[in-house]
Amino acid sequence: MPLTAELKTVTDLKLPRYLGTWYEIARLPMRHEPEGCTDVSAHYRLLDNGNVHVHNRCRMDGQVEEATGEACVVDNDSARLAVSFLPKGLRWLPFTKGDYWVIQIAPDYSVSLVGSPDRRYLWLLSRTPQLDATVQDHYLAAARLQGFDLSELIQTPHTGHPTA
């Protein structure tokens, strides 16, 4: 698939079902999350304004690190979110939001594949800290079909010391 093709997202994502805790199983490298992060989790809850409060946590050198942000639905498509981790007073600035597009989800909302339309960022998420290898392979194959290069994929370690 050429990279100029639009990234396909989940049709009719039920945002209320998506909320809650997710554990990162794998990701593509990014500067905001050092490679040494373990026990990565994300917690999503609905805000009064209809946006989603994002609370990410991980362990780095044995210490829990946290980042909070806010995500909003883009173009009335609940599978396409824009998230900002800037302080609340600066979130209005242009070019300060990252794309968070849900490109595949399990029917029971137990596994999610999230990426950015430029295919630079990808996260494989699960409701549990461990994911069956066959299930993981299925979702990563879907990412490849949508044009993601997984040669630098990082498997996120979960040490039994959850941050959730």
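The values are calculated or read from the model by the stated rules, or taken from the named source; none is laboratory data. None of the values given here were measured: they were computed from a predicted structure. Note that we place each Cβ from the backbone using ideal geometry, even for glycine, and neighbour counts take in every protein chain shown.
Take segment 1-30 and flag every residue that is crowded, with 16+ Cβ neighbours inside 10 Å and part of a loop (DSSP other than H, G, I, E, B).
L7, T9, V10, L13, L28
Can we say P94 is at pLDDT below 80, surrounded by fewer than 10 Cβ atoms within 10 Å (Cβ to Cβ), over 17 Å from the mean Cα position of the chain (by Cα) and in a loop (DSSP other than H, G, I, E, B)?
Spelling it out, P94 is indeed at pLDDT below 80, surrounded by fewer than 10 Cβ atoms within 10 Å (Cβ to Cβ), over 17 Å from the mean Cα position of the chain (by Cα) and in a loop (DSSP other than H, G, I, E, B).
Go through (1) free of Cβ contacts under 8 Å to residues at least 24 places away in the same chain; (2) in contact with a Ser or Thr (Cβ under 9 Å, 6 or more places away or on another chain) for T134 and report which single condition fails.
Condition not satisfied by T134: (2).
Which count do you get for residues in segment 31-66 that are in contact with a Cys (Cβ under 9 Å, 6 or more places away or on another chain), of a type outside the set (V, I, T), over 28 Å from E6 (Cβ atoms) and in a strand (DSSP E or B)?
7
Filtering segment 41-68 down to residues that are among the small types (G, A, S) and modelled with pLDDT of 90 or more, which residue is farthest from T11 (Cα to Cα)?
Per the stated criteria, the residue is S41.
Please enumerate the residues belonging to segment 97-116 that are modelled with pLDDT of 95 or more and farther than 15 Å from L150 by Cβ.
The answer is W101, V102, I105, A106, P107, D108, Y109, S110, V111, S112.
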